[in-house]
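A quick write-up on the structure given underneath.
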Amino acid sequence: MPKAKTMLIAIAIMLLLIVGGIFVSRSWYQQKQLSENPTILARQAVEAHDLETFKRYVDLDKVIDAAAAEILTEQINSTLAPTVYSMDELQSRYDKLKVDFVKCAKAATEEYISTGKATFPNDPTEAQNFLKKSGVASCEIKSISKPMQRDDSRIVKMMIHNPQMKFNFEVELMLEPAGEMDWRITGAKGFGDYYKGYRRMLKRKLDSLNAPIVRQMDSIFKVKDFSIKNTGGDEYGFSQTLDIEIKASIQSDKPLAQVCGNIILHGKDDQESFTPFVIDTDVSQGLQTFHVTKTLNPFIRADVDAMKHGFRKNDLRIEVTEIIFADGTNLKELDSLPE
């Protein structure tokens, strides 16, 4: 079975899955003896750079919209700091990200089908960066199920391996009748699991690269202990604020200016919320006490659990991500993989 490794890294994730799903056609064609199979014809259209024919057999808008909805929902749930306090603001961020994602993914997909390549500007958007760096170009199809009937549609499941990021994920392709003998690819599910796998493996790689940096920062600014005090909620009773007293030992050969990091709350089912903090200080040696705050957000799942059921001290973690010295130099964790 051919692999998807020939695809450019700039190709949108949904194109990989659609073209990958084309390989379903071999076993399905033998079973059903269809004179025209959408996956075969879609593949031929890609090879011929015939965008119009490709769209006849693949509903590109629906597939891209589904991918955007799944990926962005997972992204917001896993990366949004608890600073948003209304559903309107959350919806506004989602809508803005989705417009960018759909526009970039559709442009990259259509350009690739039409010309065999896809290009991005020198200053890529957030969506373009994700499409380039998530390892989609190295994905390989590991297994394909037999077609299964579901209502008026047919479902085919694919197990796909991302060797660059080293994880597997499953995708369902949805095919619907498009005439007496034709079927059309009208959707796909599994993009949320792709994003979860990507985030999980990205964290592991970054943790490995950051280990020596973290050890060095820990030797300079070492959190010895912390205590937590709930200072009450806002005037509407929706949120609660925690005051966290941090005792840290500072051992540096030059004065510090700022210590930056995150307060991370672990919730149920591996859910986390985080709040960035910045500590101003001008010392270089000694045991110091600092205060930072964390607001529990009623729109973040881990925070909601804490407000409803309480939490233990072990559920909270202080993470230092950057130390800025008075002379302008700094130590900082990597937040993206090197090019």
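The values are calculated or read from the model by the stated rules, or taken from the named source; none is laboratory data. Everything quoted here is computed from the prediction, not taken from an experiment. Quick reminder, even Gly has a Cβ in these numbers, built from the backbone with ideal geometry, and neighbours come from all protein chains shown.
Considering (1) in the same structural domain as I220 (by TED's automatic domain parsing); (2) touching a residue at least 12 places away in the same chain (Cβ under 8 Å), the lone condition that D269 does not fulfil carries the number (2). Looking at F277, F290, just one residue is free of Cβ contacts under 8 Å to residues at least 24 places away in the same chain, among the aromatic types (F, W, Y) and in a strand (DSSP E or B), and that residue is F277. Among all residues of segment 332-339, there is at least one that is among the basic types (K, R), over 16 Å from Q240 (Cα atoms), at pLDDT 95 or above and in contact with a strand residue (DSSP E or B) (Cβ under 7 Å, 6 or more places away or on another chain). May I ask you to verify whether P255 is surrounded by fewer than 16 Cβ atoms within 10 Å (Cβ to Cβ), farther than 26 Å from T231 by Cα and at pLDDT below 90? No: the conditions fail for P255. Please enumerate the residues belonging to segment 293-313 that are assigned to a loop (DSSP other than H, G, I, E, B) and touching a helix residue (DSSP H, G or I) at 6+ places or on another chain (Cβ under 7 Å). Within segment 293-313, N297, P298, F299 meet the criteria. Within segment 290-328, track down each residue that is loosely packed, with under 11 Cβ neighbours inside 10 Å and either over 27 Å from the mean Cα position of the chain (by Cα) or at positive phi (or both). Scanning segment 290-328 gives K308, H309, G310, R312, K313, D327, G328. Is segment 215-234 home to any residue that is surrounded by 14 or more Cβ atoms within 10 Å (Cβ to Cβ), of a type outside the set (A, V, I, L, M) and without any contact (Cβ under 8 Å) to a residue 12 or more places away in the chain? Yes.
Select from segment 287-334 the residues that are acidic (D, E) and either assigned by TED's automatic domain parsing to the domain that holds T73 or under 25 Å from K224 (Cβ atoms) (or both) and list them in ascending order. Across segment 287-334, the qualifying residues are D315, E319, E322, E333. Among strands (runs of 3 or more DSSP E) entirely within segment 153-250, having at least 2 residues that are modelled with pLDDT of 85 or more and more than 28 Å from the chain's Cα centre (by Cα) singles out 221-233. Against the conditions (1) on the phi < 0 side of the Ramachandran plot; (2) in the same structural domain as K247 (by TED's automatic domain parsing); (3) not aromatic (F, W, Y), P338 satisfies every one except (2).
All conditions in (1) touching a Cys at 6+ places or on another chain (Cβ under 6 Å); (2) more than 15 Å from C260 (Cα to Cα); (3) acidic (D, E) hold for E322, with the sole exception of (2).
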